[in-house]
Amino acid sequence: MTYEEFRRQLGKAGLTIKEFAVLIKQTPNSITNHSQHKEVPPHLAIIAALMGEMAEADIDFRATLARIQFDASKPRGGVVKGQFGGSKQTRLLFTEANNEKSHN
């Protein structure tokens with residue numbers, strides 16, 4: 001599904017990108033980043049299309065979603081709280097014992 005069609009489906013459901021992201025427990029940026037590729041992943045397309053159809057049929061999709069227990073997606077990459085851009089590399093922890101072994 002194109003990003004524009006995705007937005008149209010959300011409009012049918014009466015949702016903004018931010019409201020959609022909150023409902024599916026993702027960040028708005030993770031949704032809007034798909035606009036660069038001009039398409040959205042199939043799972044988001046399916047959700048948006050179903051929400052649009054449910055809204056047109058006067059079915060409350062919010063109540064349906066509220067009954068589903070799920071955790072928010074974990075952020076990808078090297079996210080470090082309080083550090084802009086996160087950490088691009090894994091931090092290596094060295095102890096004195098490791099340091100001594102490397103010098104022998």
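The values are calculated or read from the model by the stated rules, or taken from the named source; none is laboratory data. Please read all numbers here as calculations on a predicted model, not as lab measurements. Here Cβ is always computed from backbone atoms with ideal geometry, including for glycine, and neighbour counts include all displayed protein chains.
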How many residues does segment 17-33 hold that are in contact with a helix residue (DSSP H, G or I) (Cβ under 7 Å, 6 or more places away or on another chain), closer than 22 Å to E56 by Cβ and not hydrophobic (A, V, I, L, M, F, W, C)? 1
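Sort out which residues of segment 35-75 are touching a strand residue (DSSP E or B) at 6+ places or on another chain (Cβ under 9 Å) and small (G, A, S), and write them in order of number.
Matches in segment 35-75: A45 only.
Sort through K18, K38 and tell me the only one that's of a type in the set (D, E, K, R) and touching a residue at least 12 places away in the same chain (Cβ under 8 Å).
One residue alone meets the criteria, K38.
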Complete set of residues in segment 1-15 that are outside any helix (DSSP H, G or I), in contact (Cβ under 8 Å) with a residue 40 or more places away in the chain and either under 19 Å from E39 (Cβ atoms) or among the hydrophobic types (A, V, I, L, M, F, W, C) (or both): M1, A13
Among the residues in segment 42-53, are any exposed (fewer than 14 other Cβ atoms within 10 Å of the Cβ) and in contact with a helix residue (DSSP H, G or I) (Cβ under 8 Å, 6 or more places away or on another chain)? no
For Q26, the lone unmet condition from (1) at pLDDT 85 or above; (2) part of a helix (DSSP H, G or I) is (2)
Complete set of residues in segment 41-74 that are without any contact (Cβ under 8 Å) to a residue 40 or more places away in the chain, of a type outside the set (S, T, N, Q), assigned to a loop (DSSP other than H, G, I, E, B) and farther than 20 Å from R8 by Cα: R67, I68, K74
Among what's in segment 2-41 and is more than 20 Å from I68 (Cβ to Cβ) and more than 17 Å from the chain's Cα centre (by Cα), pick the residue that is surrounded by the fewest Cβ atoms within 10 Å (Cβ to Cβ). E4
